[in-house]
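**Q** Below is the structure I would like to discuss, written out as structure tokens.
The values are calculated or read from the model by the stated rules, or taken from the named source; none is laboratory data. Being a predicted model, the structure only gives us computed values, none of them experimental. Neighbour counts are summed over all protein chains in view; Cβ atoms, including those assigned to glycine, are modelled from backbone coordinates with ideal geometry. Protein only, heavy atoms only, side chains kept; ligands, DNA and RNA dropped before computing areas. Shrake-Rupley method; radii C 1.70, N 1.55, O 1.52, S 1.80 Å.
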Amino acid sequence: MKAWVPLGAAPIPGSPDQLELWQRENEFSIRISGYVSELMNSRQHASEEALAEYAVPQVAGRAAAHVLVGGLGMGFTLAAALRSAGPDATVTVAELVGAVVDWNRGPLGQAAGYPLTDPRTRVHMGDVADLIRASRRTFDAILLDVDNGPEGMTQHGNDWLYSPRGLAAIRAALTPGGLLAVWSVEAVPRFTAALERAGYHTEVRRARAREGRGAWHTIWVARSDG
């Protein structure tokens, strides 16, 4: 098997670490400098797709549905959201690291089928938390795959998204009956309780990292009646 080849690196805003993109034949890896384990691998994306598949079909029947994806990553959640959304939908993806968008428009894009080229896709460069704070009754579904879930690795600022204030801001950004779906590398029972306290009707689901095998990841699907 061929060796891993570095394709790029980019600073993470607010962090001393860097994101690194690596390729080995048709396999891609995104890593955080200084960590042994990978952040993402293009062969393990079933749970990232499930994040969209569990939530978007529930709002896809709405006219001109608007879905927000927090975190582009390797594009698998965005691609799954587009597959589940209607032809008149808009899917906005918020990404903090500009290089990640460039990678998805370049060699990494082949992994998820170049979802950034879909005419329904909109790219918001910046922190998804800032976009949520500025939005009112805007999104029918918000999908968050940010920093490995409620217990993140790269940015302490991401904690706000999962705090009572963050969950209240997300409810304000959702349309009535809108959905929040959150991906996590592990189960976090106290986050389930936090969602319930914030007024969401919550379902906790699990999905494999790879189709039919691999580690189990956790996905919360939470409906807001606000």
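**Q** Please state which one of A80, A52 is under 23 Å from G149 (Cβ atoms), at pLDDT 95 or above and out of contact with any strand residue (DSSP E or B) (no Cβ under 8 Å at 6 or more places or on another chain). Working first, answer last.
**A** Details: A52 fails: out of contact with any strand residue (DSSP E or B) (no Cβ under 8 Å at 6 or more places or on another chain).
None of the other options fit; the residue is A80.
**Q** Could I ask something else about it? Search segment 171-189 for residues being in contact (Cβ under 8 Å) with a residue 40 or more places away in the chain and part of a helix (DSSP H, G or I), and hand back the single one that is farthest from E49 (Cα to Cα).
**A** Applying the filter and picking the extreme gives A172.
**Q** Against the condition touching a residue at least 40 places away in the same chain (Cβ under 8 Å) and small (G, A, S), how does A94 come out, does it pass?
**A** Numbers: touching a residue at least 40 places away in the same chain (Cβ under 8 Å): no; small (G, A, S): yes.
No: the conditions fail for A94.
**Q** Condition check: surrounded by 15 or more Cβ atoms within 10 Å (Cβ to Cβ), touching a residue at least 24 places away in the same chain (Cβ under 8 Å) and in contact with a Phe, Trp or Tyr (Cβ under 7 Å, 6 or more places away or on another chain). Does H124 satisfy that?
**A** Values: surrounded by 15 or more Cβ atoms within 10 Å (Cβ to Cβ): yes; touching a residue at least 24 places away in the same chain (Cβ under 8 Å): yes; in contact with a Phe, Trp or Tyr (Cβ under 7 Å, 6 or more places away or on another chain): no.
So H124 does not fit the description; no.
**Q** Go through segment 1-25 and give me each residue that's without any contact (Cβ under 8 Å) to a residue 40 or more places away in the chain and among the polar types (S, T, N, Q).
**A** Within segment 1-25, just Q18 meets the criteria.
**Q** Now for a separate question. Answer yes or no as to whether E53 is open to solvent by 40 Å² or more (accessible area, probe 1.4 Å) and either among the aliphatic types (A, V, I, L, M) or within 15 Å of the chain's Cα centre (by Cα) (or both).
**A** Values: open to solvent by 40 Å² or more (accessible area, probe 1.4 Å): yes; either among the aliphatic types (A, V, I, L, M) or within 15 Å of the chain's Cα centre (by Cα) (or both): yes.
It is true that E53 is open to solvent by 40 Å² or more (accessible area, probe 1.4 Å) and either among the aliphatic types (A, V, I, L, M) or within 15 Å of the chain's Cα centre (by Cα) (or both).
**Q** Has segment 139-149 got at least one residue that is modelled with pLDDT of 95 or more and small (G, A, S)? If you could, list the steps in order and put the result at the bottom.
**A** Initially, segment 139-149 is screened for residues modelled with pLDDT of 95 or more, giving 139-144.
From what's left, small (G, A, S): 141.
Yes, there is a match, as at least one residue in segment 139-149 is modelled with pLDDT of 95 or more and small (G, A, S).
**Q** Filter segment 190-212 for residues that are assigned to a loop (DSSP other than H, G, I, E, B) and over 23 Å from D140 (Cα atoms); which is most open to solvent (accessible area, probe 1.4 Å)?
**A** Here is the first cut: in segment 190-212, the residues assigned to a loop (DSSP other than H, G, I, E, B) are 198-199, 211-212.
Cutting the leftovers down to over 23 Å from D140 (Cα atoms) gives us 211-212.
Working: E211: 160, G212: 66 Å².
Out of the qualifying residues, it is E211.
**Q** Of all residues in segment 80-98, which are over 19 Å from L51 (Cα atoms) and open to solvent by less than 20 Å² (accessible area, probe 1.4 Å)?
**A** Step one: filter segment 80-98 for residues over 19 Å from L51 (Cα atoms), giving 87-88, 96-98.
The answer is V97, and nothing else.
**Q** Of all residues in segment 27-48 being in a loop (DSSP other than H, G, I, E, B) and touching a residue at least 60 places away in the same chain (Cβ under 8 Å), which is surrounded by the most Cβ atoms within 10 Å (Cβ to Cβ)?
**A** Restricting attention to segment 27-48, the residues satisfying the condition of being in a loop (DSSP other than H, G, I, E, B) are 33-37, 42-43, 45.
Next, only the ones that are touching a residue at least 60 places away in the same chain (Cβ under 8 Å) stay: 35, 42-43, 45.
Values: Y35: 12, S42: 19, R43: 13, H45: 22.
Per the stated criteria, the residue is H45.
**Q** Would you pick out the residues in segment 1-26 that are farther than 16 Å from N104 by Cβ, of a type in the set (D, E, K, R) and surrounded by 15 or more Cβ atoms within 10 Å (Cβ to Cβ)?
**A** Across segment 1-26, the qualifying residue is only D17.
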